[in-house]
Structures are given as C-alpha cells and as structure tokens.
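Please treat every number below as a calculation from the coordinates, not as lab data. The structure presented is a predicted model; accordingly, all values stated were derived computationally and were not measured. With ideal geometry, Cβ positions are generated from the backbone for all residues, glycine too; neighbour counts draw on all protein chains shown.
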Amino acid sequence: MAVCRPGDNDRMSSPTALIRPAARADVPAIVGLIRELAEFEHLSHLLEATPKKLAEHLFGPRPVVEGLVAEVGGELVAYALYFTNYSSFLTKPGLYLEDLYVRPAQRGAGLGRALLVRLAAEANARGYGRFEWSVLDWNASAIAFYEKLGATVMPDWRICRLSGAALAQYGAA
C-alpha cells in the first residue's frame, strides 16, 4: 500500500486504498464509524453524534474540526478527526487528533499508519510545533502501535474534563 508523504497531493491512492479529505457526502458514513469507535471504547452511552451535528462542525460557517477518510473498494473504512490547538510553551499551534478509527477487518493493512503520516505531514507543512492525541490506558495494542511509530505516551499527564451538568454549572457561574 502506498503511504502519504509530505508533498503528496490531497489524494493518496493505491490498488487497495484511497485517503482523502472528508467531504460533506461522507458525513453519514463517518458518524457510523464514530458509533463503531464508541462501541469499541465502551462509551456508546455517551454518544450524541448525528450527521447534522457533525456536518455543521466540519462544513458549517465556522468549522472547528477537519477530517480525513480512507476508502477501500468505495467504502469508508477509516477516519481521522483533528483540530488546531496551541502550545504556550512553544508559542506555536499544534494539531490534535480527536479520533483515529480503522474498522477491525482493515487493521494491519497500513491505513492507521498512513493516516498518522498524513497528519504529521500536515502539521509540518503548517509549521505547527507538535502533533498530539490521547489513548485509553487499556488499549495496549494502540499504545504499542503509537510507540513503534516514535510517539511518546506521556505517563505523567491526565486528561481533565468538564461536561454535561458540571460544565453547565460552572459555565453559568
């Protein structure tokens, strides 16, 4: 399978896969993949994703997220959603990967690596200072995959989150 490299066109093709920016027509399929990811992560009870909501954030008047998709045989089998964050220490923007999901039947074919390489190239092309993401501590295969690519799993950092009622309470204060 071909791998995206810096300087490749927006489309990466091979006999088996195509990686490209997400299009509005992809939104229902991406939401289906998000549902699969929620099931895999045992978080379906938190899922509120709908095609309408995702389309607004990807393609509305003020997009806040970008996406890549991978197709095999005309079917979307993987996606990555990402956005710009900021490092005050580096005084540079960064790229934050919110989701990377490859359907189980397609894992091991290089799609996850190709998506990560494509995103790293994008961060470099934009002059960003870093490329970051989170991984669940129980997902040993993902951790090993990321470390094999050269990523550092930050052992001293924990994610903090306000959501739902707590967000509403503190947001109203």
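Note down the Stokes-Einstein diffusion coefficient of the chain in µm²/s, whole number, using a Kirkwood radius over alpha carbon pairs, 20 °C, and 1.002 mPa s.
Result for D is 123 µm²/s.
Using 7 Å Cα-to-Cβ label points, what is the Met154/Ala173 separation (nm, one decimal)?
2.4 nm
Going by C-beta contacts inside 10 Å, put Tyr170, Tyr86, Tyr96, Tyr79 in order with the fewest on the left.
Fewest-to-most Cβ neighbours within 10 Å comes out as Tyr170, Tyr86, Tyr96, Tyr79.
Can you compute the FRET efficiency between Lys92 and Glu36 using 1/(1 + (r/R0)^6), with r the Cβ-Cβ distance and R0 = 41 Å? Round to the nearest 0.05.
Taking R0 as 41 Å, the efficiency between Lys92 and Glu36 is 0.75.
Suppose the chain between Ala144 and Val65 were pulled fully straight at 0.36 nm per residue; how much longer would it get relative to their current alpha carbon spacing?
Result for the pair: 25.8 nm of gain on full extension.
Between the range 149-173 and the range 60-114, what is the C-alpha centre distance in whole Å?
Their Cα centres are 20 Å away from one another.
In deg cm²/dmol and to the nearest 500, what is the mean residue ellipticity at 222 nm of the chain if only DSSP H runs of at least 4 residues count, each as -39500 (n - 2.57), divided by the residue total?
-10000 deg cm²/dmol
Sort Leu68, Leu149 so that the residue with the fewest other Cβ atoms within 10 Å of its own Cβ comes first and the one with the most comes last.
Leu149, Leu68
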